[in-house]
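The values are calculated or read from the model by the stated rules, or taken from the named source; none is laboratory data. Since we're looking at a predicted model, the values are computed, not measured. Cβ: placed from backbone, ideal geometry, glycine included. Neighbour counts: every protein chain shown.
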Amino acid sequence: MSEELNEELNEAYLSQYQELAKMAGSLAHEIKNPLSVIRMNVDLLTEDLQEDSSPQARRALTKIETVHNQCVRLENLLNDFLRFARLSKLDLRAGDLNEQVERVLDLYEAQAKDKEVEIIRYLDADLPSIQLNSETLQPALINLVKNAFEAMPDGGQLVAQSQTTRNGVALILIDSGCGMDETTAMKMFNAFYTTKDGGSGLGLPTARKIIEAHGGRIDVQSQLGRGTQFTLEFPTPRRIMGDD
């Protein structure tokens, strides 16, 4: 196959992919509207039946609660999907990765005390700035920390370490939780793959997409019963801007 033909096929594939992604996003919006109406009316039915103490009303409320919970789950799934689909080129500006990490860890301090999780910070004070978008990077970091806490229901340690690397700047998150088997570790960044009840399977794929939109990459190492390590590596501003 000639290089020219291969380039044409790649362009055609990209165009088709972009069209499908746009259609999927539009479809998700169209589903959200009637779903919101359904949930609103379910809530109104709940209010009407709460004053009725008859056995029939109690049974109806149980069924309505099931419908309500499924509506909420679908709304969360659609919101996760729309966030995933919208990610493309970000407005990146010079910023402090340590500051972003500190903000996220501070959010979890109270939960850490409740869950007996020790948060250990080894953040390099001389870390170079990177190009980042705080509005998208924060949710990605929150997702990773949230996963770490969920892996340590009986307490443990979460280590956050930042350092300069040969290729840029790295953030390493290590938890002492339950870990993952090889199959889960290999599939965890696949869209809609989840091992959690009620999970959308889009949290980690969205986090990876955010990291990649920053010009970075994310790797995972895990072992059952030993914990998990996420390594995020970001290029320096010079590399992101394409300068030599």
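Scan region 139-166 and report the pairs whose first residue is closer than 15 Å to Ile211 by Cβ and whose second residue is of a type in the set (D, E, K, R), with Cβ atoms within less than 6 Å and a gap of 6+ or a chain change.
Note: pairs meeting the criteria are Ser162/Asp124.
Give the residue that is farthest from the chain's Cα centre (by Cα), with candidates limited to residues of region 226-244 that are within 30 Å of Cys178 (Cβ to Cβ) and either modelled with pLDDT under 85 or buried (at least 16 other Cβ atoms within 10 Å of the Cβ) (or both).
Among them, the one singled out is Gly227.
Got a number for residues in region 117-141 being part of a strand (DSSP E or B), of a type in the set (Val, Ile, Thr) and closer than 16 Å to Phe234 by Cβ?
Number of matching residues: 1.
Those residues that are modelled with pLDDT under 80 and not aliphatic (A, V, I, L, M), I need them from region 30-47; list them, please.
Glu30, Lys32, Asn33
What pairs come up if the first residue lies in region 213-236 and is under 19 Å from Gly156 (Cβ atoms) and in the same structural domain as Leu137 (by TED's automatic domain parsing), the second is buried (at least 18 other Cβ atoms within 10 Å of the Cβ) and charged (D, E, K, R), and their beta carbons are under 6 Å apart, counting only those six or more places apart or on different chains?
If the second residue must be buried (at least 18 other Cβ atoms within 10 Å of the Cβ) and charged (D, E, K, R), the pairs left are Gly227/Asp175; Thr228/Asp175.
Between residues in region 40-51 that are assigned by TED's automatic domain parsing to the domain that holds Leu74 and residues that are in a helix (DSSP H, G or I), which pairs lie under 6 Å by C-beta distance while being six or more apart or on different chains?
Here the result reads Val42/Ile64; Val42/Val67; Val42/His68; Leu45/Ile64; Thr46/Ile64; Leu49/Ala57; Leu49/Ala60; Leu49/Leu61, each pair linking region 40-51 to a residue that is in a helix (DSSP H, G or I).
May I ask you to list the residues in region 142-177 that are assigned to a loop (DSSP other than H, G, I, E, B) and surrounded by fewer than 18 Cβ atoms within 10 Å (Cβ to Cβ)?
Those that are assigned to a loop (DSSP other than H, G, I, E, B) and surrounded by fewer than 18 Cβ atoms within 10 Å (Cβ to Cβ): Pro153, Asp154, Gly155, Thr165, Arg166, Asn167.
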